[in-house]
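Enquirer: I'd like to ask you about the structure that follows.
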Amino acid sequence: MLLLPFERTTSHRKGTGQGPAALLAGSLGLELFDEELGRQTYKAGIHTMSLPSGRLSAEAYFPKVSAAVSRLLKLGKTVFSVGGEHSLSQAIIPPHLERWPDLSVLHFDAHADLRPTYEGSPHNHACAMFPVSRLCPVTQVGIRSVGEEEAHLVGQGKVTTFFMHEHRDLKALTRKVLASLKGTVYLSLDLDGFDPSVVPGVGTPQPGGFGWYEALDLLRAVFMSRRVVGADIMELCPGKHEVSSELAASKVLYRLMGWMLARQ
């Protein structure tokens, strides 16, 4: 687990920089035994490291993130990155592409995040997937919020987009998602892909997202049929009076780890 407490451009609720610490705190509420997988995933070995961002800008911090991810991949580690704002994926995914050139990305999110720039920065959280989409195929699920300036990029070029309102049949959606993905996959998961009733503590919530079991069924199908080589979980924004979001985030992460082990 690579903890990345970076937040510079969150545009609705502030606090995603506290996401990594909140996810760790939430994990204290988890059973080490995974009831679905019937195993104690942690016994495979989970190491947690943090890369403090201090007051660094994205231009200064992102190269450090890329270097850290590259170093871990060269050591044969599987990296689960925890943010932090979603723009961090711009620094995390390229090292995976260097290691696996035939990579495709599954982007789980409420937002398309395809703006070339936003509020004067190409590293805004609303631009998270734009540079990635120039490097490799990106499949987007859960999408239900798109800006006019990025609408022409949705579903074009290397981007395959499944709007939430158009794909309510989960089995049909799963078949289409799997058909769009290559054999090797990286998962970039923004927690606002879930419905706010499931994960309310996110930076930019949107109604109409995935239910808990809907999301897990889709993600399980991907992990069981593709080689998932890395993942990030972004945009956890802990609230003062609810802990359900950090519990959900930590359980998702632990389940992703378990699925990856089950596939090996």
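Values in this text are rule-based calculations from the coordinates and carry no lab data. The structure presented is a predicted model; accordingly, all values stated were derived computationally and were not measured. Here the Cβ is made from the backbone with ideal geometry for all residues, glycine too, and neighbour counts use every protein chain on show.
Enquirer: Looking at segment 88-240 only, what percent of DSSP beta bridges run antiparallel? Nearest 5 please.
Expert: About 10 percent, rounded to the nearest 5.
Enquirer: Looking at segment 163-262, which GluC sites (Glu not before Pro) are in a loop (DSSP not H, G, I, E or B) and have at most 15 other Cβ atoms within 10 Å?
Expert: Sites meeting the loop and neighbour criteria: Glu242.
Enquirer: By the gyration tensor of its Cα atoms, with a ≥ b ≥ c the square roots of the eigenvalues, what is the shape of segment 156-264: rounded for a/c under 1.5, prolate for a/b over b/c, or oblate?
Expert: oblate
Enquirer: Residues of segment 46-81 with amide nitrogen under 15 Å from the 7 Å Cα-to-Cβ point of Ala21?
Expert: 50-55
Enquirer: To the nearest 20 debye, what is the magnitude of the charge dipole of the chain about its Cα centre, counting +1 on the Cβ of each Lys and Arg and -1 on the Cβ of each Asp and Glu?
Expert: For the chain, the charge dipole is close to 900 debye.
Enquirer: A follow-up question, please. Using θ = phi - 60° and the Karplus form 6.51 cos²θ - 1.76 cosθ + 1.60, what ³J(HN,Hα) does each residue of segment 29-39 get, whole Hz, x for Gly and Pro?
Expert: x, 8, 7, 5, 7, 8, 5, 6, 8, x, 8
Enquirer: Can I ask one more? Return the percentage of antiparallel bridges among DSSP beta bridges fully within segment 1-151, rounded to the nearest 5 %.
Expert: Here the antiparallel bridges make up roughly 25 percent for segment 1-151.
Enquirer: On to the next question. Mind checking which of Tyr186, Tyr254, Tyr42 has the largest fluctuation in a GNM of the chain, springs on alpha carbons under 10 Å?
Expert: Result: Tyr42 has the largest fluctuation of those listed.
Enquirer: Pick from Thr184, Thr48, Thr139 the residue whose mean-square fluctuation is largest in a GNM of the chain, springs joining Cα atoms under 10 Å.
Expert: Between Thr184, Thr48, Thr139, it is Thr48 that shows the largest mean-square fluctuation.
Enquirer: Rounded if a/c is under 1.5, else prolate if a/b is larger than b/c, else oblate: which is segment 51-186, with a ≥ b ≥ c the root eigenvalues of its Cα gyration tensor?
Expert: oblate
Enquirer: Over the chain, with a Gaussian network built from C-alpha contacts below 10 Å, which listed residue (Ser81, Ser50, Ser89) shows the highest mean-square fluctuation?
Expert: Its mean-square fluctuation being the largest, the pick is Ser50.
Enquirer: Summing -39500 (n - 2.57) over the DSSP H runs of n ≥ 4 in the chain and dividing by its residue number, what mean residue ellipticity at 222 nm do you reach, to the nearest 500 deg cm²/dmol?
Expert: -10000 deg cm²/dmol
Enquirer: Applying 1/(1 + (r/R0)^6) with R0 = 41 Å to the Cβ-Cβ distance of Val154 and Gln40, what FRET efficiency is obtained, to the nearest 0.05?
Expert: My answer for the efficiency is 0.50.
Enquirer: Can you tell me what share of the DSSP beta bridges in the chain is antiparallel? A percent to the nearest 5 is fine.
Expert: In the chain, DSSP labels about 10 percent of beta bridges as antiparallel.
Enquirer: Now for a separate question. Please report Phe162, Phe33 as a ranked list, fewest other C-beta atoms within 10 angstrom at the top and most at the bottom.
Expert: Phe33, Phe162
Enquirer: What is the dipole size for segment 94-183, taken about its Cα centre, with +1 at each Lys and Arg Cβ and -1 at each Asp and Glu Cβ, in debye to the nearest 20?
Expert: The calculated dipole for segment 94-183 is roughly 440 debye.
Enquirer: Could you calculate the FRET efficiency of Ser50 with Arg227 from 1/(1 + (r/R0)^6), where r is the beta carbon distance between them and R0 is 30 Å, rounded to 0.05?
Expert: Efficiency, from the Cβ-Cβ distance: 0.65.
Enquirer: Once R0 is set to 41 Å, what does the formula 1/(1 + (r/R0)^6) return for the Cβ-Cβ distance between Ser57 and Arg175, expressed as a FRET efficiency to the nearest 0.05?
Expert: 0.45
Enquirer: Oh, and also: Distance check, please: which entries in Lys74/Lys158; Lys14/Lys251; Lys77/Lys251; Lys14/Lys182; Lys43/Lys74 exceed 29 angstrom between their Cα atoms?
Expert: Lys14/Lys182
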